[in-house]
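Everything on this sheet refers to the single structure shown next.
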Amino acid sequence: MKILLVEDDAETAGFIRRGLTEAGHVVDHAADGADGLHLAMQASHDVLVVDRMLPRLDGLALVRALRAAGQRTPVLFLTARTGVGDRVEGLEAGADDYLGKPFAFAELMARLNALARRPPMATEATTLQVADLEMDLLRRTVTRAGRRIDLQPREFRLLEYLMRRAGQVVTRTMLLEGVWDFHFDPKTSVVETHVSRLRAKLGEPPLIHTMRGAGYAIRQPG
């Protein structure tokens with residue numbers, strides 16, 4: 001997707017841009033409402049992510065101006081103002097969705113995917129399988145070719161996260177948030193260390209592959 005992010009907080013904007021870029025999306029950024037309106041009118045985007053409290057032109061005014069000009073690009077409001085009245089006001093201004101701060105990056109991605117009308121996620125399974133590796137979610141067990149593999153709780157959670165997305169590239173940001181519940185980058189090698197340990201426990205041939213510059217993917221060997 002090509003996404004326009006209108007957010008004046010530099011730290012929040014950096015976190016969102018990094019996560020979206022790692023997930024393969026193109027992100028344009030404006031730090032105030034006036035610049036955001038200009039970019040939204042001049043360039044084509046799949047989705048807009050707009051903060052409500054912006055300098056020069058607030059988010060409500062920005063969205064109203066877009067709708068008045070006939071711009072129908074889906075808009076998600078991302079804001080600390082989460083009262084019922086605030087949400088109603090935002091939706092009535094022309095927004096399509098509303099996500100409060102603080103937020104989980106995974107939820108932001110899910111909402112953006114929904115706005116872009118991507119296929120829904122698959123139904124919940126009780127077992128996961130990749131090649132000869134099998135995970136029983138009810139018994140909390142992992143086997144490979146019939147051999148039991150003992151995992152620590154965090155290793156199990158990491159493997160489950162990867163197996164639920166088998167064949168897909170999973171970024172470091174996604175793992176930090178989905179496995180460690182970090183909504184920031186701790187600037188440590190915690191992900192790399194756990195992936196390396198998990199690879200060793202799963203044995204050969206390797207199933208977890210490093211996608212240079214992108215992240216990791218679990219898939220059939222070969």
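Checking each residue in the range 70-87 for being at pLDDT 85 or above, open to solvent by less than 50 Å² (accessible area, probe 1.4 Å) and in a loop (DSSP other than H, G, I, E, B) picks out Gln71, Thr73, Pro74.
Selection within the range 156-207: residues that are among the acidic types (Asp, Glu) and closer than 25 Å to Leu20 by Cα. The member of this set that is modelled with the lowest pLDDT is Asp185. The listed residues are Arg52, Arg56, and the only one of them that is open to solvent by less than 30 Å² (accessible area, probe 1.4 Å) and within 15 Å of Asp8 (Cβ to Cβ) turns out to be Arg52. Only one entry of Leu62, Leu54, Leu76 meets the criterion of being more than 14 Å from Asp32 (Cα to Cα), touching a helix residue (DSSP H, G or I) at 6+ places or on another chain (Cβ under 7 Å), in contact (Cβ under 8 Å) with a residue 12 or more places away in the chain and of a type in the set (A, V, I, L, M), and that entry is Leu76.
Filter the range 1-19 down to residues that are among the acidic types (Asp, Glu) and not in a helix (DSSP H, G or I) and give me whichever is least open to solvent (accessible area, probe 1.4 Å). Out of the qualifying residues, it is Glu7. Note on the range 102-120: among residues that are at pLDDT below 90 and among the charged types (D, E, K, R), the one that is farthest from Val50 (Cα to Cα) is Arg118.
I'm checking my understanding of the structure. Among residues of the range 174-184 that are free of Cβ contacts under 8 Å to residues at least 60 places away in the same chain and open to solvent by 30 Å² or more (accessible area, probe 1.4 Å), which one is farthest from Gln152 (Cα to Cα)?
From the range 174-184, those free of Cβ contacts under 8 Å to residues at least 60 places away in the same chain are 175-176, 179-182; that's our starting set.
Filter once more, keeping what is open to solvent by 30 Å² or more (accessible area, probe 1.4 Å): 181-182.
Working: Asp181: 17, Phe182: 19 Å.
Taking the candidates together, the pick is Phe182.
Select, from Ala65, Ala106, Ala34, Ala30, the only residue that is among the small types (Gly, Ala, Ser) and crowded, with 20+ Cβ neighbours inside 10 Å. It is Ala30.
Name every residue in the range 191-218 that is buried (at least 16 other Cβ atoms within 10 Å of the Cβ) and either under 18 Å from Phe105 (Cα atoms) or not small (Gly, Ala, Ser) (or both), in order of residue number.
Within the range 191-218, the first condition is being buried (at least 16 other Cβ atoms within 10 Å of the Cβ), and the residues that meet it are 191, 194-195, 198-199, 202, 207-208, 215-218.
Passing the criteria: Val191, His194, Val195, Leu198, Arg199, Leu202, Leu207, Ile208, Gly215, Tyr216, Ile218.
A count restricted to the range 52-108 and to residues that are small (Gly, Ala, Ser), in contact with a strand residue (DSSP E or B) (Cβ under 9 Å, 6 or more places away or on another chain) and closer than 22 Å to Arg17 by Cα stands at 4.
Exactly one residue out of Thr171, Thr143, Thr188 is under 25 Å from the mean Cα position of the chain (by Cα) and surrounded by fewer than 16 Cβ atoms within 10 Å (Cβ to Cβ): that is Thr188.
The values are calculated or read from the model by the stated rules, or taken from the named source; none is laboratory data. Keep in mind that this is a model prediction, so the values were computed, not measured. Please note: Cβ atoms are built from the backbone with ideal geometry, for glycine as well, and neighbour counts cover all protein chains shown. Please note that ligands, DNA and RNA were not included when accessible areas were found on the heavy atoms of the full protein model with its side chains. Shrake-Rupley method; radii C 1.70, N 1.55, O 1.52, S 1.80 Å.
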